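Student: Quick one: the structure is below, questions incoming.
The values are calculated or read from the model by the stated rules, or taken from the named source; none is laboratory data. Note that this is a predicted model, so its numbers are computed, not measured. Note: ideal-geometry Cβ built from the backbone for every residue, glycine included; neighbour counts use all protein chains shown. Calculation scope for accessible area: heavy atoms of the full protein, side chains included, ligands and nucleic acids excluded. Shrake-Rupley method; radii C 1.70, N 1.55, O 1.52, S 1.80 Å.
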Amino acid sequence: FKTCPGRVLCKVPCSGEKEVDLAVQSAKAAFKIWSQMSGMERCRVMLEAARIIREQRDEIATMETINNGKSIFEARVDIDISWQCLEYYAGLAGSLAGEHIQLPGGSFGYTRREPLGVCVGIGAWNYPFQIACWKSGPALACGNAMVFKPSPFTPISVVRLAEIFTEAGVPKGLFNVVQGGAATGQLLCQHPDVAKISFTGSVPTGMKIMEMAAKGIKPVTLELGGKSPLIIFSDADLENAVKGALMANFLTQGEVCCNGTRVFVERKILDTFTKEVVKRTQKIKIGDPLLEDTRMGALINRPHLNRVQGFIKQAKEQGAQVLCGGDLYVPDDPKLKNGYYMRPCVLGNCKDDMTCVKEEIFGPVMAILPFDTEEEVVERANATKFGLAGGVFTRDIQKAHRVVAALKAGMCFINNYNVSPVELPFGGYKSSGFGRENGRAAIEYYSQLKTVCVEMGDVESVF
């Protein structure tokens, strides 16, 4: 593998009806074996998978960088989060249990936590390997099988995950990968032997998946888009707040669903904060993502780059001021000249009704908006159809907790941003979706509860 923008990495055949059915049937057969294993048996296999990923961290990270375009520095973090996720759910696998409930007269009831069956995972192109682990970790820990479809823009690294699961000892077919676009996804969602669908991606696609799942009464987890607020109060540690704003906007070239792209800054520090953010943004090293000092790689493809550029053009037309970046970037290295690079952009003079403030751009574009009071900024922060994340920077811890309690968002950060510990649930409110990934909460979405009522005496009949 070598980075060479525009070069075809590989060709993968799209899975049609026959291939999708083979994948589901194979997973269904593996499910019969896996679901009958004890939690501790599943734990040992998942720990082995985590060990392999940890040992092959650099190799997989390199593959992911070429697959996606993000910097190798970030890709290594993604792979670390991936093996930690499998380790975490391996630890939970042996502890999954129901309850015993004492009833009158010596009778009793109990609950069983049971797997769903064959689960479908549909991933996004911004975190291909990590998303596959976030979905497969809890699914396999609960005793399910999974058929996973990565984005057609990033088909490579998830195949390696399937190989790793096989090497670790899962039953053949327990984690299957199918390739393709919307048509393949539709076949998966409509397959009668699929028990659950977990999707990460855009709101319009999420709506279609929910509609298809409804026809089969299938539970869904939807992790969709965002236009998250990041609130910087004047009493915040300015250095920390600036670093937080960069982390909230420019990871993975800004292609992150929970990014805090609406940066609300208390007017007292607006000029100071903006000046420092612009200075730091201009220093971000762009270029070959496989170089150790690169901090921003290429966007996913040409159409997406054009879309992001279109948002910036529209922002200028609506009165926003480009404080830095926003233009195409051509690296010095001739082999990178056709890459999908752009300079990270900071927009000033933004208003709440501008398209760049209302719509998810999914690129390295930060919009800065001034505010005067806590009450005002909370109301403006919540004035969006999205509700994935939100952040607050302040030294006043009471204010911090008060504001995050008022934010209508599923994942909130205080004095940090875009931190994703696998121990904490992740998911959104409103149009950003529902269901949760990570943490113990995910277990609820990959299992079902059976209640058993045991009568120890004679049946009391009313007949």
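Student: With respect to Asn438, is the statement that it is in contact with an Asp or Glu (Cβ under 8 Å, 6 or more places away or on another chain), at pLDDT 95 or above and more than 30 Å from Asn306 (Cβ to Cβ) true?
Tutor: Values: in contact with an Asp or Glu (Cβ under 8 Å, 6 or more places away or on another chain): yes; at pLDDT 95 or above: yes; more than 30 Å from Asn306 (Cβ to Cβ): yes.
Considered against the rule, which asks whether it is in contact with an Asp or Glu (Cβ under 8 Å, 6 or more places away or on another chain), at pLDDT 95 or above and more than 30 Å from Asn306 (Cβ to Cβ), Asn438 comes out as yes.
Student: Just give me the residues in segment 218-237 being open to solvent by 20 Å² or more (accessible area, probe 1.4 Å) and hydroxyl-bearing (Ser, Thr, Tyr), in sequence order.
Tutor: Residue satisfying the conditions is Ser234 alone.
Student: Residues to consider are Pro128, Pro150; find the one that is touching a residue at least 40 places away in the same chain (Cβ under 8 Å) and either among the acidic types (Asp, Glu) or in contact with a helix residue (DSSP H, G or I) (Cβ under 9 Å, 6 or more places away or on another chain) (or both).
Tutor: Pro128
Matching residues to (1) touching a Lys or Arg at 6+ places or on another chain (Cβ under 9 Å); (2) surrounded by 17 or more Cβ atoms within 10 Å (Cβ to Cβ); (3) without any contact (Cβ under 8 Å) to a residue 60 or more places away in the chain:
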| site | (1), (2), (3) |
| --- | --- |
| Val8 | no, no, yes |
| Val12 | no, no, no |
| Lys18 | no, no, yes |
| Ala27 | no, yes, no |
| Trp34 | yes, yes, no |
| Asp58 | yes, no, yes |
| Glu64 | yes, yes, no |
| Asn68 | no, yes, no |
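Student: For segment 357-371, which positions are in contact with a Leu (Cβ under 6 Å, 6 or more places away or on another chain) and open to solvent by less than 10 Å² (accessible area, probe 1.4 Å)?
Tutor: Ala367
Student: Can you name every residue in segment 72-108 that is surrounded by 15 or more Cβ atoms within 10 Å (Cβ to Cβ) and among the polar types (S, T, N, Q)?
Tutor: Within segment 72-108, Ser82, Gln84 qualify.
Student: Separate question: Of all residues in segment 411-420, which are in contact (Cβ under 8 Å) with a residue 24 or more places away in the chain and within 15 Å of the chain's Cα centre (by Cα)? First the steps, then the outcome.
Tutor: Of all residues in segment 411-420, those in contact (Cβ under 8 Å) with a residue 24 or more places away in the chain come to 411, 413, 415-418, 420.
Selection gives Met411, Tyr417, Asn418, Ser420.
Student: Hey, another quick one. Given (1) open to solvent by 10 Å² or more (accessible area, probe 1.4 Å); (2) within 14 Å of Gly339 (Cα to Cα); (3) not in a helix (DSSP H, G or I), where does Leu299 come up short, assuming only one miss?
Tutor: (1)
Student: Sort out which residues of segment 23-35 are among the hydrophobic types (A, V, I, L, M, F, W, C) and either closer than 14 Å to Ala162 by Cβ or not assigned by the TED database to the domain that holds Gly181 (or both), and write them in order of number. Even if it seems obvious, please write down each step before you answer.
Tutor: Kept after step one, since they are among the hydrophobic types (A, V, I, L, M, F, W, C), are these residues of segment 23-35: 23-24, 27, 29-31, 33-34.
Once the filter is applied, which keeps residues that are among the hydrophobic types (A, V, I, L, M, F, W, C) and either closer than 14 Å to Ala162 by Cβ or not assigned by the TED database to the domain that holds Gly181 (or both), segment 23-35 yields Ala23, Ala27, Ala30.
Student: How do the helices (runs of 4 or more DSSP H) wholly within segment 109-210 filter down when requiring 2 or more residues that are open to solvent by 30 Å² or more (accessible area, probe 1.4 Å): which remain? Walk me through how you get there before you give the answer.
Tutor: Numbers: elements: 128-141, 157-168, 182-190.
The qualifying helices (runs of 4 or more DSSP H) are 157-168, 182-190.
Student: Moving on. Restricting attention to segment 314-353, report how many residues are among the charged types (D, E, K, R), touching a Gly at 6+ places or on another chain (Cβ under 9 Å) and outside any loop (DSSP other than H, G, I, E, B).
Tutor: Residues flagged as among the charged types (D, E, K, R), touching a Gly at 6+ places or on another chain (Cβ under 9 Å) and outside any loop (DSSP other than H, G, I, E, B) within segment 314-353 amount to 1.
Student: While we're looking at this one, here's another question. Consider His401 against the criteria (1) over 20 Å from Asp78 (Cβ atoms); (2) assigned to a helix (DSSP H, G or I); (3) within 16 Å of the chain's Cα centre (by Cα): it satisfies all of them except one. Which criterion is unmet?
Tutor: Of (1) over 20 Å from Asp78 (Cβ atoms); (2) assigned to a helix (DSSP H, G or I); (3) within 16 Å of the chain's Cα centre (by Cα), only one is false for His401: (3).
Student: Checking the condition farther than 17 Å from Ala141 by Cβ and of a type in the set (Val, Ile, Thr), which residue from Ile33, Ile53, Ile66 passes?
Tutor: On the way: Ile33 fails: farther than 17 Å from Ala141 by Cβ; Ile53 fails: farther than 17 Å from Ala141 by Cβ.
After ruling out the rest, the residue left standing is Ile66.
Student: Could you say which residue among Ser420, Ser431, Ser461 is on the phi < 0 side of the Ramachandran plot, of a type in the set (Ser, Thr, Tyr) and modelled with pLDDT of 95 or more? Break it down into steps so the answer makes sense when it comes.
Tutor: Numbers: Ser420 fails: modelled with pLDDT of 95 or more; Ser461 fails: modelled with pLDDT of 95 or more.
After applying the criteria, what remains is Ser431.
Student: Would a scan of segment 372-379 turn up a residue that is within 29 Å of Arg440 (Cβ to Cβ) and open to solvent by 60 Å² or more (accessible area, probe 1.4 Å)?
Tutor: no
Student: In segment 380-403, how many residues are surrounded by fewer than 18 Cβ atoms within 10 Å (Cβ to Cβ), among the aliphatic types (A, V, I, L, M) and free of Cβ contacts under 8 Å to residues at least 24 places away in the same chain?
Tutor: Taking segment 380-403 first, the residues surrounded by fewer than 18 Cβ atoms within 10 Å (Cβ to Cβ) are 380, 382-383, 385, 395-399, 401-402.
Those left that are additionally among the aliphatic types (A, V, I, L, M): 383, 397.
Subsequent filtering for residues that are free of Cβ contacts under 8 Å to residues at least 24 places away in the same chain retains 397.
Of the residues in segment 380-403, 1 are surrounded by fewer than 18 Cβ atoms within 10 Å (Cβ to Cβ), among the aliphatic types (A, V, I, L, M) and free of Cβ contacts under 8 Å to residues at least 24 places away in the same chain.
Student: With the checklist (1) without any contact (Cβ under 8 Å) to a residue 24 or more places away in the chain; (2) crowded, with 16+ Cβ neighbours inside 10 Å; (3) under 30 Å from Arg113 (Cα atoms) in hand, flag the one item Leu424 doesn't pass.
Tutor: (2)
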